[in-house]
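Right, one structure below, let's go through it.
The values are calculated or read from the model by the stated rules, or taken from the named source; none is laboratory data. The structure presented is a predicted model; accordingly, all values stated were derived computationally and were not measured. Neighbour counts are summed over all protein chains in view; Cβ atoms, including those assigned to glycine, are modelled from backbone coordinates with ideal geometry.
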Amino acid sequence: MKHVTLLLLILACANLWAQEVDDGNDLLNRPADRTYDRILESGYLKVGVYENFPPYSYAEDGEPKGVDVELGRRIAKELGVEFRVHWITPDENLGDDLRNNVWKGHYLAKQRLADLMMRVPYDKQYAYMQDSTGEYINEQVVMFGPYQQETWQIAYDPNRLDSVETVAVFQYHPIGVEIDTLPDFYLSSGLRGRLREQVHHYRTISEAFNAMRQGDVSAVMGMRAEIDHELSKPANAHFQRAGNGFPGIGKQVWDVGMAIKHTHRQLGYALESIVDGLVRTGELHALFAGLNLDYSVPNYYQKFLEPKALARAGGEEQ
Amino acid sequence: MRSNKFGTRIASSALALAVSFGAQAVTDQDIMNDENTPEDIVTYGMGLKGQRFSTLDTLTRENVEYLQPVWAFSFGSEKMRGQEAQPMVKDGVMYVTASYSRVYAIDVKTGDELWQYDARLPDGIMPCCDVVNRGVALYNDKVIFGTLDAKLVALNKDTGKPMWIKKVEDYQAGYAITAAPMVINGNVITGVSGGEFGIVGKVEAYDANTGELVWTRPTVEGHMGYVYKDGKAIENGISGGEAGKTWPGDMWKNGGAATWLGGTYDADTNSIFFGTGNPAPWNSHLRPGDNLFSSSRIAIDPDDGSIKWHFQTTPHDGWDYDGVNELISFDYSDNGKTVKAAATADRNGFMYVLNRENGDFIRGFPFVDKITWAEGLDPKTGRPIFAEGGRPGDPSVTDNAKGEQVLAQPAFLGGKNWMPMAYSQNTGLFYVPSNEWAMDIWNEPVSYKKGAAFLGAGFTIKPANDDYIGVLRAMDPKTGEEVWRYENTAPLWGGAMATAGDLVFTGTPEGYLKAFDAKTGEELYKFNTGSGVVGTPVTWVMDGEQYVSVLSGWGGAVPLWGGEVAKVVKHFNQGGMVWTFKLPKDRVASK
């Protein structure tokens, strides 16, 4: 039985990668240089999304799903081309992911690049970061088109905790986090390490929720959309969203956008205007709502949109 | 009844074949005795102790200048990157691995390829630790090696066809194998490489004939070890006794301590010695405690995987000073008494001499010019005396601002990285390929990971001196003195070998195979192989002539990092060759 499951898993994985277009140059072992015109000519757009990362991007029965996938499909449709998935195995940080998937290619798969990468934080400070010699670290890519604002969220089990007023309750109650994430670092070092013993580590938020159902932890901290996605599952219906703040976290909220290779700016302008339209008309809000997820308009728009336009982007009926 | 002559012929030739296979098969005896049989090399380390010392004395300081290439062999394809393997030689065949999990059998007289095996790596694999491979193990009719997708593969030595393949760990969870396995009493012993976070190091034994798991020993406190009998797992004690003694919370569950460099073996004490990597997560402020058995050397019972003793070189490692470096057994005389010692040169910049019977600290001393993170070692225990302000800051404490910068020396790539040192039984000295570099570490003001805000550390490696980074050192393990040094412009990244002819061989990223006088350090020979040498040389005797082989092919971890060091190495071309040299018979006379 175990072997059958393993075999199915292997087949599923193989299937996952097999969906991708292989359009690199075999002879020169380099990726295709897919400018705007060539993308239109080829009839498809390769959209880079993280694998196994619900609710943003994941495969179900071999089919790509999630918010970022749906947005990718909308973008491809507006461009008049087919959506093709490009799965991203996350590396240690964003810089690695951009190098492996947007501008250079991973050294084991040099012909494999996405035309466009989703879920790239839109942060001018990050985009213009310089190294010790003054060079711009991210000069090989353009980060643009903020489409969502993300934040942190805790869900808890009301049978074990009356409420979560502050994170201090986790001196006494076990809490689950995804390993090597900001919630992990935040809780493991917060209050001078007094929560540390209560932090339980899991590979994914979904595993952390499994542990909460089994009573191993009283709460889970993750990104809001991840938490909302879990809470929308019937098995997790009795868990609740907490309303606490996160004092001491440097980044409470951040905008999420896209990235392309810096030589493909024409593509960027086209994509930017498509996504801009989707945000302003409230279609992105609808896309999130359709997946039972809250939506926050990116801070980028909050700065200049009129209250009425902002309300529209935020999904309020006109 | 018709006689079946054809059948008889097959039967007898099969018998003859079996006999000839039997004659050439690598036995436990061959492996145990490898350091005394210069006509073959059947262990990684030229002997299980890993001394990398050859008893051959045909090549000497007088005639080494006549060492000349006999053949060169290309690994082919475009996979020209990081050739870190040590070749094996047995009965006229060389067995060697190349990067990207490839194995080659080469006719050692002609350089002709006999067979090649390319492991089929899964789509989308992201190995943590580059694409290198450090070599094979030989046993019976098998050539055994580890792959980037964390499998052990046993190939038939004559055909290169797989005889068994075993998954050691899940590559998707971040595991890989890059080290050469070793065979002790019919068991293949392997460790695992692993990414920064979420993995747990372990040492495992597999039956060399069948590939069945024999025992497993996790290298992080709190995890259960097992012995396998008739397919059943029998508990064999928790590493360190119980969880939570030197780790906070549940962090021991993902504590790191990868065993990525393989091990050595000492028959006197019947111990396998493994080094263990750094603890996870990288931010040491999250995991107060010693974090056993990270950054340690551990002695393991080869029969059941029990831990006999451990010695931790960097408790509470906050600098990525991994402790994987090889522990080499050697004896020395102290006031007429033989001391059963073992030495290791750690990434943290200190060299340690331990009692290999019980792991007791005998002495320790810096083998690099400067160490900033520790003021020294406790003379009794060998525990480092941490320098104030030497530990990188806690990124959680500094909000959204570039935290205080800490200068640490050696850099995280270590006073010595993976490249094995050698011990000469003639001179009693260790020959240590080392590097002089420092790193700045700071907390990144803004960092993201997998679409989320994160706390990251930034670092840059810089040479400690203007004109050189690499230093090949002759270290006296009895006094801690540096007897001689050779300075190299680029960082040294290849292993060393010593011979009874009082020569020391090593390679440089500039492409040279070099030989030095083991007593004085005088450079006696160099030959440019066309690409950087980051492998480990070997020597053996064939038809009365002494041969030397080394891999050529720049790569490994150094070119993956930028900063000031990149300026020194960025113009080096990659490659993928085996070079084989010999001293022709008629040149020996000039001895």
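When residue A:195 is tested against (1) out of contact with any Lys or Arg (no Cβ under 9 Å at 6 or more places or on another chain); (2) touching a residue at least 60 places away in the same chain (Cβ under 8 Å), exactly one condition is not met: (2). The residue pairs whose first member lies in region B:178-207 and is touching a residue at least 40 places away in the same chain (Cβ under 8 Å) and assigned to a strand (DSSP E or B), whose second member is of a type in the set (Gly, Ala, Ser) and surrounded by fewer than 24 Cβ atoms within 10 Å (Cβ to Cβ), and whose beta carbons are closer than 7 Å, counting only pairs six or more residues apart or on different chains, are B:194/B:174.
Within region A:283-300, one or more residues are outside the structural domain of residue A:178 (by TED's automatic domain parsing), loosely packed, with under 15 Cβ neighbours inside 10 Å and touching a strand residue (DSSP E or B) at 6+ places or on another chain (Cβ under 8 Å). Residues being surrounded by fewer than 24 Cβ atoms within 10 Å (Cβ to Cβ), over 22 Å from residue B:439 (Cβ atoms) and either without any contact (Cβ under 8 Å) to a residue 24 or more places away in the chain or away from every other protein chain (no Cβ under 14 Å) (or both) are represented in region B:340-351 by at least one member. Going residue by residue through region A:156-173, is there one that turns out to be surrounded by 15 or more Cβ atoms within 10 Å (Cβ to Cβ) and under 30 Å from residue A:99 (Cα atoms)? No; the residues of region A:156-173 include none that is surrounded by 15 or more Cβ atoms within 10 Å (Cβ to Cβ) and under 30 Å from residue A:99 (Cα atoms).
Considering only region B:80-129, state which residues are hydroxyl-bearing (Ser, Thr, Tyr) and at positive phi.
Scanning region B:80-129 gives B:100, B:101.
Can you name the residue in region A:187-209 that is part of a loop (DSSP other than H, G, I, E, B) and facing another protein chain (nearest Cβ under 10 Å) and is also nearest to residue A:55 (Cα to Cα) among such residues? Of everything passing the filter in region A:187-209, A:203 is nearest to residue A:55 (Cα to Cα). Does region A:130-152 include one or more residues that are over 16 Å from residue A:49 (Cβ atoms), of a type in the set (A, V, I, L, M, F, W, C) and free of Cβ contacts under 8 Å to residues at least 12 places away in the same chain? Within region A:130-152, none of the residues are over 16 Å from residue A:49 (Cβ atoms), of a type in the set (A, V, I, L, M, F, W, C) and free of Cβ contacts under 8 Å to residues at least 12 places away in the same chain.
With more than 22 Å from residue B:416 (Cβ to Cβ) and either modelled with pLDDT of 95 or more or within 19 Å of the chain's Cα centre (by Cα) (or both) as the only criterion, which of B:277, B:289, B:262 stands out?
Just one listed residue meets the conditions, B:289.
Of all the criteria given as (1) within 23 Å of residue B:38 (Cβ to Cβ); (2) surrounded by fewer than 18 Cβ atoms within 10 Å (Cβ to Cβ); (3) charged (D, E, K, R), the one not satisfied by residue B:478 is (1).
Restricting B:164, B:215 to those that are over 21 Å from the mean Cα position of the chain (by Cα), assigned to a strand (DSSP E or B) and buried (at least 22 other Cβ atoms within 10 Å of the Cβ) reduces the list to B:215. Annotation: of all residues in region B:370-383 being touching a residue at least 60 places away in the same chain (Cβ under 8 Å) and touching a Gly at 6+ places or on another chain (Cβ under 9 Å), the one that is nearest to residue B:271 (Cα to Cα) is B:382.
Going by the conditions given, is residue A:212 within 12 Å of chain B (Cβ to nearest Cβ) and either modelled with pLDDT of 95 or more or outside any helix (DSSP H, G or I) (or both)? No; evaluated as a whole, the condition is false for this residue.
Is it the case that some residue within region B:347-366 is closer than 14 Å to residue B:268 by Cα and among the acidic types (Asp, Glu)? Yes; the residues of region B:347-366 include at least one that is closer than 14 Å to residue B:268 by Cα and among the acidic types (Asp, Glu). For the criterion of being more than 24 Å from residue B:172 (Cα to Cα) and either free of Cβ contacts under 8 Å to residues at least 12 places away in the same chain or more than 10 Å from every other protein chain (Cβ to nearest Cβ) (or both), residue A:105 fails. A count restricted to region B:75-116 and to residues that are under 16 Å from residue B:555 (Cα atoms) and either assigned to a strand (DSSP E or B) or hydroxyl-bearing (Ser, Thr, Tyr) (or both) stands at 7.
Scanning region A:229-248 for residues that are under 19 Å from residue A:161 (Cβ atoms) and part of a helix (DSSP H, G or I) yields A:230, A:231, A:235, A:236. From the list A:180, A:162, A:184, which residue is within 10 Å of chain B (Cβ to nearest Cβ) and outside any helix (DSSP H, G or I)? Step by step, each of A:180, A:162, A:184 is checked, and only A:180 is within 10 Å of chain B (Cβ to nearest Cβ) and outside any helix (DSSP H, G or I). Taken together, A:59, A:32 contain a single residue that is outside any strand (DSSP E or B), more than 9 Å from every other protein chain (Cβ to nearest Cβ) and either surrounded by 21 or more Cβ atoms within 10 Å (Cβ to Cβ) or in contact (Cβ under 8 Å) with a residue 40 or more places away in the chain (or both), which is A:32. Restricting attention to region B:449-497, which residues are closer than 12 Å to residue B:437 by Cβ, of a type in the set (Ser, Thr, Tyr) and away from chain A (no Cβ under 14 Å)? Across region B:449-497, the qualifying residue is only B:468.
For region A:226-263, the set of residues classified as away from chain B (no Cβ under 14 Å) and either in contact with a Ser or Thr (Cβ under 6 Å, 6 or more places away or on another chain) or of a type in the set (Asp, Glu) (or both) consists of A:228, A:230, A:244, listed by residue number. Considering the conditions (1) part of a helix (DSSP H, G or I); (2) touching a Leu at 6+ places or on another chain (Cβ under 9 Å); (3) among the hydrophobic types (A, V, I, L, M, F, W, C); (4) over 23 Å from residue A:188 (Cα atoms), residue A:260 is excluded by exactly one of them, (1). Could you tell me whether any residue of region B:386-406 is more than 14 Å from chain A (Cβ to nearest Cβ), within 30 Å of residue B:513 (Cα to Cα) and at pLDDT 90 or above? For region B:386-406, residues more than 14 Å from chain A (Cβ to nearest Cβ), within 30 Å of residue B:513 (Cα to Cα) and at pLDDT 90 or above: absent.
Let's see how each residue does on (1) touching a helix residue (DSSP H, G or I) at 6+ places or on another chain (Cβ under 7 Å); (2) in contact (Cβ under 8 Å) with a residue 60 or more places away in the chain; (3) crowded, with 20+ Cβ neighbours inside 10 Å:
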position: B:222; (1), (2), (3): yes, no, yes
position: B:242; (1), (2), (3): no, no, no
position: B:249; (1), (2), (3): yes, no, yes
position: B:294; (1), (2), (3): no, yes, yes
position: B:309; (1), (2), (3): no, no, no
position: B:325; (1), (2), (3): no, yes, yes
position: B:333; (1), (2), (3): no, no, no
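Going by the conditions given, is residue B:119 modelled with pLDDT of 95 or more, buried (at least 24 other Cβ atoms within 10 Å of the Cβ) and more than 17 Å from residue B:555 (Cβ to Cβ)? First the steps, then the outcome.
Numbers: modelled with pLDDT of 95 or more: yes; buried (at least 24 other Cβ atoms within 10 Å of the Cβ): no; more than 17 Å from residue B:555 (Cβ to Cβ): yes.
For residue B:119, the condition - modelled with pLDDT of 95 or more, buried (at least 24 other Cβ atoms within 10 Å of the Cβ) and more than 17 Å from residue B:555 (Cβ to Cβ) - is not met.
Restricting attention to region A:198-222, the residues that are of a type in the set (Gly, Ala, Ser), surrounded by 15 or more Cβ atoms within 10 Å (Cβ to Cβ) and over 21 Å from the mean Cα position of the chain (by Cα) total 3. Against the test of being within 16 Å of residue A:259 (Cα to Cα) and either crowded, with 17+ Cβ neighbours inside 10 Å or within 10 Å of another protein chain (Cβ to nearest Cβ) (or both), the options A:44, A:122 yield a single qualifying residue, A:122.
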